[in-house]
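**Q** Structure below; questions to follow.
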Amino acid sequence: MNDSAFDPTADVPSEYQEGEMKDQQILAVLLENYLGRNDQIFVQKTEMGGIEAYVGSVTLEWFANRVNFASCLPLLQKKYNPETGNIEIDADSIDEIQQRPLDWSRQAPLVQYLAARKNHKFPPVLVVINQPWVDDPKAAEWDSQRRATKSTTEFTPLDKDGKVGLLNLSEADVTVYALDGQHRLMGVQGLMELIRTGKLQRYKKDKTPYDTFITLADLIEKYQVEPAYLQSLPKEKIGIEFICAIAAGETREQARRRVRSLFVHVNLMATPLSKGQLAQLNEDDGFSIVARKIAVTHPLLQQHSDRKPRVNWNSATVAAKSTVLTTLQALKEMSERYLGQKFPHWKPLEKGLIAMRPEDEELKEGIEDFQKLFDNLANLPSYQILEEMDTPELRRFSFEKDGGEGNMLFRPVGQVALVQALGILVFRKGLSLEDIFKKLRKFDLEGGFSGMEYPQSMWYGVLYDPNKKRVQVSGRDLAARLVVYILGGIQDQMERAELRKALADARTIEKQTMGFDGKFVEPKAVGLPPVL
């Protein structure tokens, strides 16, 4: 059989193929010439909601050097504070504000993310192109009606439909301001400074400097980042979308309102992820990974067709009538407070920085440890009766409609406090889970976790607020210390004295201290509960 029968291009004239290849080569040469220039950028023209825009990409170095914060726009200069990069808000400037204040405490985490995380990614930024004539009322570009005769964007089309072409970005002609992406700009500028000088000053929100720095040496040592890799970062590219500060036919006031409303719209559409959603999606935080694994695989928590879900995947709280046992966010906190005692290096090096994903072997070990913990938790009497009772009945206080057990093990804050204590006892005090849970099962059978709302309870005033008649999250750490104590984890007399005073303070409401017998007593009369 003739081979040409299998060749889909056999009937295409060779002259046509050669001509097409030649056209592609010519186009490649032309594009290379244009793409290598800093004063023009190859873009695609788009239009949405009547607003023309031009989409392209620029290097991080170009982005850092050429783009300014929106608060630097000339029309805002009267109230511009060069120290903070923000506009000072007062009665005169409030109508001019187009950006929320910059938070300079975010710069260091963003720089660390770009430098230490090899698979980093910033979304495209939205920027505004301005020209000098905009701020000159006498410029020829304004007509007699004070309307612009041209746009601040200068686009040269390269196709017959005017969809792709070159955007003029000559420094002599235009200035560029970040409308959406100011903190990304802050991060990239910080990265460029770090690479250039070897260090970066840390700041508070208002740009008050801390005494500490991020240094290249620290990044190389702690994250095993190669110097050559860091030097390559300025050439990475970020997506960018350009709009005009003023379009042809607009007055200055109309343009300002358009740009300002566009900023508001962009930010309203960008709803931040909840903590629960972050725990669902985070593939770098070891504690989140472990929490997700246990949530979907452990018999106490996993989804069964014959029972209602036991994990709330999004919310941080459990509603009064909810049948769930816990939340993914609480499981993440439990994982962090338990395994964090064994794997402290799973946490970010500093607050605000991004955690690095643990090695697979460590993750496997962490999952096994957390699995073992939940095997023991599932055997507590309070959880074993879940087969016969619903969680709302076990969670509700006695005075609420239909009454309930008031059991702390059915409140996320109580679960976190217990597991936090167990992490200290197992990984810092060296106690075995088996011995711990022998005591806890007896404690549970005697009602130790229930009746939080009664003065006889160890959790009264600690996890239960008798004044507001509700759970109080602020007592979580004290509750954890009490669990450590009753399980024999506090031997130091001074530490015991401090714990007793903290408990007495917690049980004091409006200068009256509640004793375990339900009577008001002197604070010194409040003792510690017995050790199990």
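The values are calculated or read from the model by the stated rules, or taken from the named source; none is laboratory data. Just so it is clear, the structure is predicted and the values come from calculations on it, not from any experiment. FYI the Cβ positions are ideal-geometry reconstructions off the backbone, even for glycines, and counts take in every protein chain you see.
**Q** Given the criteria under 30 Å from LEU216 (Cα atoms), at pLDDT 90 or above and among the charged types (D, E, K, R), does GLU154 qualify?
**A** So GLU154 does not fit the description; no.
**Q** Among the residues of the stretch 314-340, which ones are out of contact with any Gly (no Cβ under 8 Å at 6 or more places or on another chain) and in a strand (DSSP E or B)?
**A** Residue satisfying the conditions is THR326 alone.
To keep it simple, each residue is scored yes or no on (1) among the basic types (Lys, Arg); (2) over 37 Å from the mean Cα position of the chain (by Cα); (3) crowded, with 20+ Cβ neighbours inside 10 Å.
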{"site": "LEU440", "(1), (2), (3)": "no, no, yes"}
{"site": "PRO466", "(1), (2), (3)": "no, no, no"}
{"site": "VAL473", "(1), (2), (3)": "no, no, no"}
{"site": "ASP492", "(1), (2), (3)": "no, yes, no"}
{"site": "ARG496", "(1), (2), (3)": "yes, yes, no"}
{"site": "ASP517", "(1), (2), (3)": "no, yes, no"}
{"site": "LYS524", "(1), (2), (3)": "yes, yes, no"}
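**Q** Which of the numbered conditions does LYS332 fail, given that it passes all the others? Conditions: (1) buried (at least 18 other Cβ atoms within 10 Å of the Cβ); (2) among the basic types (Lys, Arg); (3) over 16 Å from GLN415 (Cβ atoms).
**A** Just one mismatch for LYS332, condition (3).
**Q** A follow-up question, please. If you go through the stretch 173-195 one residue at a time, do you hit one that is farther than 17 Å from PRO109 by Cα, surrounded by fewer than 14 Cβ atoms within 10 Å (Cβ to Cβ) and at pLDDT 90 or above?
**A** No: zero hits.
**Q** Among the residues of the stretch 358-378, write down those that are touching a residue at least 40 places away in the same chain (Cβ under 8 Å) and surrounded by fewer than 14 Cβ atoms within 10 Å (Cβ to Cβ).
**A** LYS372
**Q** Between ASP180, ASP159, which is without any contact (Cβ under 8 Å) to a residue 40 or more places away in the chain and of a type in the set (D, E, K, R)?
**A** Just one listed residue meets the conditions, ASP159.
**Q** State the number of residues belonging to the stretch 19-59 that are surrounded by 10 or more Cβ atoms within 10 Å (Cβ to Cβ), modelled with pLDDT under 75 and over 20 Å from ASP159 (Cβ atoms).
**A** 1
**Q** Name the single residue, out of those in the stretch 401-419 being touching a Lys or Arg at 6+ places or on another chain (Cβ under 6 Å) and surrounded by fewer than 24 Cβ atoms within 10 Å (Cβ to Cβ), that is modelled with the highest pLDDT.
**A** Selected residue: VAL413.
**Q** If a residue must be of a type in the set (Gly, Ala, Ser) and assigned to a loop (DSSP other than H, G, I, E, B), how many such residues does the stretch 388-432 contain?
**A** Number satisfying all stated conditions: 6.
**Q** State the number of residues belonging to the stretch 378-398 that are among the hydrophobic types (A, V, I, L, M, F, W, C) and in contact with a Phe, Trp or Tyr (Cβ under 7 Å, 6 or more places away or on another chain).
**A** 1
**Q** Could you pull out every one of the helices (runs of 4 or more DSSP H) wholly within the stretch 433-532 that has 1 or more residues that are more than 15 Å from LEU418 (Cβ to Cβ) and either in the same structural domain as ARG396 (by TED's automatic domain parsing) or modelled with pLDDT under 95 (or both)?
**A** Fully inside the stretch 433-532 and qualifying: 433-445, 493-506.
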